[in-house]
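This report refers to the structure that appears directly beneath it.
The values are calculated or read from the model by the stated rules, or taken from the named source; none is laboratory data. Note that this is a predicted model, so its numbers are computed, not measured. Cβ placement follows ideal geometry from the backbone for every residue including glycine, while neighbour counts extend to all protein chains displayed.
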Amino acid sequence: MHPPPARRSLQRWLALLVADGKLIQDGEGRMARYRRPLTRGTPTPSHASAVVAATPTELVVSADAGQVRLLVRRPLIQRKPVGYDPEFLKAYRPNRTFYLPPAMRRHLAEIGVSWKQGQPAGTHARDILDRLLIDLSWNSSRLEGNTYSLLETERLLQLGAVAEGKDAGEAQMILNHKRAIELLVQDAGEIGFNRYTLLNLHAALAENLLANPNAAGRLREIAVGIDRSVFHPIEGPQRIVEMFDLLLKKAQAIKNPFEQAFFSMVHLPYLQPFEDVNKRVSRLAANIPFIRMNLSPLSFVDVPQRDYVDGLLGVYELNRIELLREVFLWAYERSCARYAAIRQTVGEPDVFRQQYRALLSEVVSDVVRQVLNKQEAAQQVRQAAMKLSPREDQRRFAEMAESELAGLHEGNFARFRIRPSEFKSWRAQWK
């Protein structure tokens, strides 16, 4: 392939092809070899049909996931209206049914391990809590359409400073995430897939955001709809309670933490047990097994919003998980790369970062030398990003620059040709 893909991308594609039965894996690790199935009459797809190309802002996915993407992107008039199917949940048998194939579960276990294995529940999450609060609050809110930048989010969470020109609901959404994440981490030994955790998680995430304030932390009693979808969620309070309790029972029984996390990402939004904020609940609930077992958390770093929404639409309208599964896999790999104490493999150089290396260095050094605070830095980054073409690069560059500024410390500032005295003056203002 020209140019050759990044090693992690190639590993992910191979795992997906094995999961779909299009390749057979012999051996593990460096001894792994891949071959075509020998079933007579079953054509093996070429690479072009097995991996679907994407725009610069979309994930590269397998053929099956690409098919889901195409189906849910058809005009609404071409998509058949469907209702909630209880059999989708009832057919799942914990520890016998698996949405994540064995090779994928092994891969996730290898990259998700931390040095805190065997320590009390929540130890790893507490060690990285400051960073997790910002990353997960921002990325989960971003997937809801929140327009706060990463630096604006950091400033809000650390200083309580609301960004100018932003809707008050956006700040409330981010602050609610912070409270909900703290609930999970502080009560790590008590949380689980039970009513206490899920209802209180919803109450924290929904505070001051619902038309009916009394609906926070309660299962819904009214009908709801899904924007830009032909899916009609289940109705009737008694039926909702019945399916919610069944969902919790099945989730509790799942032993594998990654299967448990993905199961919650599939079935909580599909059931829509609350009047609103269901997707946010599912994203934070997916972290329950990771926090309890001291695995790397899932913060949805860099997840493309459209791929995430399309993955959910595939579940809603088709009961198909392929696209959402690949979003989950990619998201967890990105999160592990951010939090893991030791990276198992050295990633390939980031071509995008190489392309804008000079501009990135210029923006970071200017922020430091001008002793800008977080609000001023966010404006400076946006102004620099707006000059880029194509437009798809603008947001990505802004996120990269803001992440670099957020992670700047005494051990890495010299690479931007910043003097110690300049860094010291800026750091005092930044805090």
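Can you work out which of the residues in the range 331-346 that are modelled with pLDDT under 95 and assigned to a helix (DSSP H, G or I) is surrounded by the most Cβ atoms within 10 Å (Cβ to Cβ)? Lay out the reasoning, then the answer.
Start the filter on the range 331-346 by keeping residues that are modelled with pLDDT under 95, which leaves 333-346.
This time we only want the ones that are assigned to a helix (DSSP H, G or I), so: 333-339.
Details: 333: 21, 334: 17, 335: 26, 336: 22, 337: 15, 338: 18, 339: 21.
Among those residues, the one meeting the criterion is 335.
Just need a number here: residues in the range 106-123 that are surrounded by 18 or more Cβ atoms within 10 Å (Cβ to Cβ) and not in a loop (DSSP other than H, G, I, E, B).
The total comes to 4.
Here are some residues: 240, 222, 254. Which one is touching a strand residue (DSSP E or B) at 6+ places or on another chain (Cβ under 9 Å), in the same structural domain as residue 93 (by TED's automatic domain parsing) and either β-branched (Val, Ile, Thr) or surrounded by 18 or more Cβ atoms within 10 Å (Cβ to Cβ) (or both)? Spell out how you get there, then give the answer.
Numbers: 240 fails: touching a strand residue (DSSP E or B) at 6+ places or on another chain (Cβ under 9 Å); 222 fails: touching a strand residue (DSSP E or B) at 6+ places or on another chain (Cβ under 9 Å).
Going through 240, 222, 254 in turn, just one is touching a strand residue (DSSP E or B) at 6+ places or on another chain (Cβ under 9 Å), in the same structural domain as residue 93 (by TED's automatic domain parsing) and either β-branched (Val, Ile, Thr) or surrounded by 18 or more Cβ atoms within 10 Å (Cβ to Cβ) (or both): 254.
Mind listing just one residue for me: the one in the range 373-393 that is in contact with a Phe, Trp or Tyr (Cβ under 7 Å, 6 or more places away or on another chain) and more than 18 Å from residue 431 (Cβ to Cβ) and, of those, modelled with the highest pLDDT?
At the first step, the residues of the range 373-393 found to be in contact with a Phe, Trp or Tyr (Cβ under 7 Å, 6 or more places away or on another chain) are 373-374, 385, 388.
Of the ones still in play, those that are also more than 18 Å from residue 431 (Cβ to Cβ) are 385, 388.
Numbers: 385: 92, 388: 89.
Only one residue tops the list, namely 385.
Each row is one residue, and each column tells you yes or no for (1) assigned to a helix (DSSP H, G or I); (2) buried (at least 17 other Cβ atoms within 10 Å of the Cβ); (3) over 21 Å from the mean Cα position of the chain (by Cα).
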site	(1), (2), (3)
68	yes, yes, no
92	no, yes, yes
131	yes, no, no
144	no, no, no
151	yes, yes, no
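Can we say residue 110 is over 20 Å from residue 309 (Cβ atoms) and not aromatic (Phe, Trp, Tyr)? Let's see the steps before the verdict.
Values: over 20 Å from residue 309 (Cβ atoms): yes; not aromatic (Phe, Trp, Tyr): yes.
Spelling it out, residue 110 is indeed over 20 Å from residue 309 (Cβ atoms) and not aromatic (Phe, Trp, Tyr).
Output yes when any residue across the range 258-265 is part of a helix (DSSP H, G or I), of a type outside the set (A, V, I, L, M, F, W, C) and either free of Cβ contacts under 8 Å to residues at least 60 places away in the same chain or in contact with a His (Cβ under 9 Å, 6 or more places away or on another chain) (or both), and no when none is. It would help to see each step written out before you state the result.
Here is the first cut: in the range 258-265, the ones part of a helix (DSSP H, G or I) are 258-265.
Right, trim to of a type outside the set (A, V, I, L, M, F, W, C) and you get 259-260, 264.
Now restrict to residues that are either free of Cβ contacts under 8 Å to residues at least 60 places away in the same chain or in contact with a His (Cβ under 9 Å, 6 or more places away or on another chain) (or both): none.
Looking through the range 258-265, none of the residues is part of a helix (DSSP H, G or I), of a type outside the set (A, V, I, L, M, F, W, C) and either free of Cβ contacts under 8 Å to residues at least 60 places away in the same chain or in contact with a His (Cβ under 9 Å, 6 or more places away or on another chain) (or both).
Exposed (fewer than 13 other Cβ atoms within 10 Å of the Cβ), at pLDDT 70 or above and not assigned by TED's automatic domain parsing to the domain that holds residue 101: does that describe residue 20?
Working: exposed (fewer than 13 other Cβ atoms within 10 Å of the Cβ): no; at pLDDT 70 or above: yes; not assigned by TED's automatic domain parsing to the domain that holds residue 101: yes.
For residue 20, the condition - exposed (fewer than 13 other Cβ atoms within 10 Å of the Cβ), at pLDDT 70 or above and not assigned by TED's automatic domain parsing to the domain that holds residue 101 - is not met.
Of the residues 69, 73, 35, 93, which single one is modelled with pLDDT under 85 and either in contact with a strand residue (DSSP E or B) (Cβ under 6 Å, 6 or more places away or on another chain) or under 30 Å from residue 247 (Cβ atoms) (or both)?
Numbers: 69 fails: modelled with pLDDT under 85; 73 fails: modelled with pLDDT under 85; 93 fails: modelled with pLDDT under 85.
Step by step, each of 69, 73, 35, 93 is checked, and only 35 is modelled with pLDDT under 85 and either in contact with a strand residue (DSSP E or B) (Cβ under 6 Å, 6 or more places away or on another chain) or under 30 Å from residue 247 (Cβ atoms) (or both).
Being farther than 29 Å from residue 123 by Cβ and either modelled with pLDDT under 95 or crowded, with 23+ Cβ neighbours inside 10 Å (or both): is that true of residue 228 here? Step through it out loud before you land on a result.
Numbers: farther than 29 Å from residue 123 by Cβ: yes; either modelled with pLDDT under 95 or crowded, with 23+ Cβ neighbours inside 10 Å (or both): yes.
Spelling it out, residue 228 is indeed farther than 29 Å from residue 123 by Cβ and either modelled with pLDDT under 95 or crowded, with 23+ Cβ neighbours inside 10 Å (or both).
Just to be sure I understand, how many residues within the range 416-426 are in contact (Cβ under 8 Å) with a residue 12 or more places away in the chain and outside any loop (DSSP other than H, G, I, E, B)?
Filtering the range 416-426 down to residues in contact (Cβ under 8 Å) with a residue 12 or more places away in the chain leaves 416-418, 422-423, 425-426.
Still in the running and outside any loop (DSSP other than H, G, I, E, B): 416, 422-423, 425-426.
Matching residues across the range 416-426 total 5.
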